[in-house]
1. How about segment A:536-553: which of its residues are under 16 Å from the mean Cα position of the chain (by Cα) and either farther than 26 Å from A:ALA607 by Cβ or not in a helix (DSSP H, G or I) (or both)?
2. Taking into account only those residues within segment A:13-47 that are of a type in the set (Gly, Ala, Ser) and touching a Phe, Trp or Tyr at 6+ places or on another chain (Cβ under 8 Å), which is nearest to A:ALA309 (Cα to Cα)?
3. Residue check: is A:ILE239 more than 14 Å from chain B (Cβ to nearest Cβ), among the β-branched types (Val, Ile, Thr), touching a residue at least 40 places away in the same chain (Cβ under 8 Å) and farther than 25 Å from A:LEU527 by Cα?
4. For segment A:76-90, what are the residues that are more than 7 Å from chain B (Cβ to nearest Cβ) and not in a loop (DSSP other than H, G, I, E, B)?
5. Looking for whichever is in contact with a Leu (Cβ under 9 Å, 6 or more places away or on another chain), under 30 Å from A:MET611 (Cα atoms) and not hydrophobic (A, V, I, L, M, F, W, C) here; the options are A:PRO351, A:PRO396, A:PRO327. Which one fits?
6. What helices (runs of 4 or more DSSP H) completely inside segment A:590-689 contain at least 3 residues that are farther than 30 Å from A:ILE565 by Cα and free of Cβ contacts under 8 Å to residues at least 40 places away in the same chain?
7. In the list A:LEU294, A:LEU288, A:LEU301, which residue meets the criterion of being modelled with pLDDT under 95 and in contact with a Gly (Cβ under 9 Å, 6 or more places away or on another chain)?
8. Of the residues A:LEU605, A:LEU619, which is surrounded by 15 or more Cβ atoms within 10 Å (Cβ to Cβ) and more than 23 Å from the chain's Cα centre (by Cα)?
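The values are calculated or read from the model by the stated rules, or taken from the named source; none is laboratory data. Please read these numbers as outputs of a predicted model, since none were measured by experiment. Here the Cβ positions follow ideal geometry from the backbone for every residue, glycine too, while neighbour counts run over all protein chains shown.
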Amino acid sequence: MNKTLQLLAWFAVAIVGAAAVGGIALHRGESINALWFIAAAVCIFAIAYRFYAAWIAARVLVVDASRATPAERLDNGRDYVPTNKWVVFGHHFAAIAGPGPLVGPTLAAQFGYLPGTLWILVGAVLGGAVQDMVTLFLSTRRNGRSLGQMAREELGPIGGFAALVGTFTIMVILIAVLGLVVVNAMKHSPWATSTVAATIPIAMIVGIYMRHFRPGRVLEASVLGVVLLLLSVFGGGYIDQHAFLRGLFDHDGLSLAWWVIAYGFAAAILPVWLLLAPRDYLSTFMKLGTIFLLAIAIILLQPEVKMPALTQFIDGTGPIFGGSLFPFVFITIACGAVSGFHALIASGTTPKLIASEADIRMIGYGAMLLESFVAIMAMIAATVLDPGVFFAINSPAGLVGKEAADAVATISSWGFPVTVEQMEILARQMGEATLFARTGGAPSLAVGMASIFGSAFGQHLLALWYHFAIMFEAIFILTTLDAGTRVGRFMLQDMLGNFWPKLGQTSWYPSVLLTSAIVVAGWGYFLYIGVIDPNGGVNILWPLFGISNQMLAAIALSVGTGILIKSGRLKYAWVTALPLSWLVLVTTSAAWEKITSDDVRIGFLAAANDMSAKLAAGLLPPDKAAVAPQLIFNQQLDAALTLFFVVVLWIVILDMLRVSYRSLSGKPVRPMIEAPYVQTQLDSAWVRD
Amino acid sequence: MLRFFRPALNRTWRFLRQVSGDDAYERYLRLYAANQKKHRHQAPPLSREAFFKAWQDEKWDGIKRCC
């Protein structure tokens, strides 16, 4: 009886899910209620978790709850600690969910709500969550080895090297594009700039409190920090009204970019306890709190999504980034659907905390589904805006015109009516001078969130909600920037240590300064170019980030597929091989287009040649001619980088196929390096206290 | 009413402390005491301040935040 009831309940969930997906896919009216998106996501994720993830855990990976995990066997009370599964889930989710799932869907909304939404749902269930869970499992079976180590030991040195280089370059591109998102949100906005600037001393106060005043009292210090952050949002409003103070925080994009670069360097060489660790506590609490609040507001308010299901920009002429629906929607939304970066967290860090292999499904698969849910909410927040407003905020000035009248005329001519007055009123409500050409996703998301929060919790507070949303995004973008620069530094020190051992010492100060400067110069260069690019930079950097992130995912899935085949589970290898094939197809075709396309908005080389021709013919105005040589070089560099990513990807794929072929034909391959079975002694009640 | 909610509140508070690392030192002391019976440590346990510093340095040594 009980079983029949359960079956009926799951059947009902399936029907509701199918109806919701069918509804959002086939709906062609004026607007569609956001609850359909929530219903579709909840039902699909529930079914995927209950059936697909459970099947993978039981049959493909064969998780064994009786097997002692590295956390138990190597328990040292510091990094290897058997931990309550909800606590591990919290740590893992806080680590994987950064600004990516907020920015990607917002940018991809230029195609309409449908392509991005479907890709988030399908990509997470069949790709991203599978990658995270499989990688987590493999690393847990290998004492918490990193992805790079597993690639080296299971496939060979080529795979290991590719994973290492891939991780380093992705980090550089990621930090640059996130820096650009923050700069675009702060330019000529004293309120946003002062609020974001205030997060630095606030983090330091929290750091000093936790380090010296009340050591280790994390919760007290975090509460203090959150209160100060909220005050800084109010304080920003005051500064914005003050003639003198306003001037101190009113800057153009380029000077803000220099500030971000200087900040990045300072953050990389300061001790972690002073800036990075306390900032991370604040950003984690803010992130979880805001996402929870957004979910409540969407459910309470049930806003209408006004963006059409599909726009004409699926043909590749979109204003935010050039390129057609296939393959670019799959590159633009990486985090939220499949993110290779997660494989770095799922190997190395999280496995050292897992108390039982039985927890792997919830932590690996479940946390990714939650991140995917955040991406769906970002999609909702972007598409509840009038499409005209959405495009006015996100279209770069180089494309639609610098003057407001030109911009609204261009955008209205696309069939998305918007007026100068509408944009002025909106800017005034949000406490900004202008909202035009704030490319990057953060401001339009903030406007979307502010209108949702405003309707749910008080319309008169719109400007506060807007700057709260900007601060919320900026604070964890800056956390990623700090943490990423530091990781880049460690990796560089590790590599350079092969040539001169002294450089490899992470505590030798000259090496710290040198390697930090190199890493900051790396991302600082791309950030600088992104800011001076009249087409907004996001058009170049975000696809590059997407390609590199999907490349890393493909490496992780290759490692998974290779190990499944080596361990005699060929018939299940499609579980990772299917998303792997899709990613290879998507990444390769996107890279091909970015390199060879004749369209100057898509092809890097086409853009470089076009600009060279214009420069030679004297067609560029003086301000553009001055930066043209840099932009031309950068486009060529981007083309080379894209080619490099694809070559690395194919080397790993071919290496995996070679190992699989040898294994299947009975030739010797590298042995599996799984840690031997030890019966668990852990009393699960002790861990779950 | 309060009696009804108290266990749930207590659980939530314990969870919050654990997930944020607020109780990390207490957990370390418990582990130290448990191991002391087995191993007979030579060194006394770390002070709260020293433990927290080591814990934090270790936490941020590697890729800990993603996109």
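1. A:ALA553
2. The first filter runs over segment A:13-47 and keeps only residues of a type in the set (Gly, Ala, Ser), leaving A:14, A:17-20, A:22-23, A:25, A:29, A:31, A:34, A:39-41, A:46.
Now drop any that are not touching a Phe, Trp or Tyr at 6+ places or on another chain (Cβ under 8 Å), which leaves A:20, A:23, A:41.
Working: A:ALA20: 14, A:GLY23: 11, A:ALA41: 17 Å.
Top of the filtered list is A:GLY23.
3. Values: more than 14 Å from chain B (Cβ to nearest Cβ): yes; among the β-branched types (Val, Ile, Thr): yes; touching a residue at least 40 places away in the same chain (Cβ under 8 Å): yes; farther than 25 Å from A:LEU527 by Cα: yes.
Here the answer is yes, as A:ILE239 does meet what is asked.
4. Applying the first criterion (more than 7 Å from chain B (Cβ to nearest Cβ)) to segment A:76-90 yields A:76, A:80-83, A:85, A:88-89.
Hits for segment A:76-90 are A:THR83, A:LYS85, A:VAL88, A:PHE89.
5. On the way: A:PRO351 fails: under 30 Å from A:MET611 (Cα atoms); A:PRO396 fails: in contact with a Leu (Cβ under 9 Å, 6 or more places away or on another chain).
Testing whether each residue is in contact with a Leu (Cβ under 9 Å, 6 or more places away or on another chain), under 30 Å from A:MET611 (Cα atoms) and not hydrophobic (A, V, I, L, M, F, W, C) leaves just A:PRO327.
6. Values: elements: A:604-616, A:622-664, A:684-687.
Because the criterion is at least 3 residues that are farther than 30 Å from A:ILE565 by Cα and free of Cβ contacts under 8 Å to residues at least 40 places away in the same chain, the helices (runs of 4 or more DSSP H) in segment A:590-689 that meet it are A:604-616, A:622-664.
7. Numbers: A:LEU294 fails: in contact with a Gly (Cβ under 9 Å, 6 or more places away or on another chain); A:LEU301 fails: in contact with a Gly (Cβ under 9 Å, 6 or more places away or on another chain).
Selected residue: A:LEU288, the only one of A:LEU294, A:LEU288, A:LEU301 that is modelled with pLDDT under 95 and in contact with a Gly (Cβ under 9 Å, 6 or more places away or on another chain).
8. Numbers: A:LEU619 fails: surrounded by 15 or more Cβ atoms within 10 Å (Cβ to Cβ).
One residue alone meets the criteria, A:LEU605.
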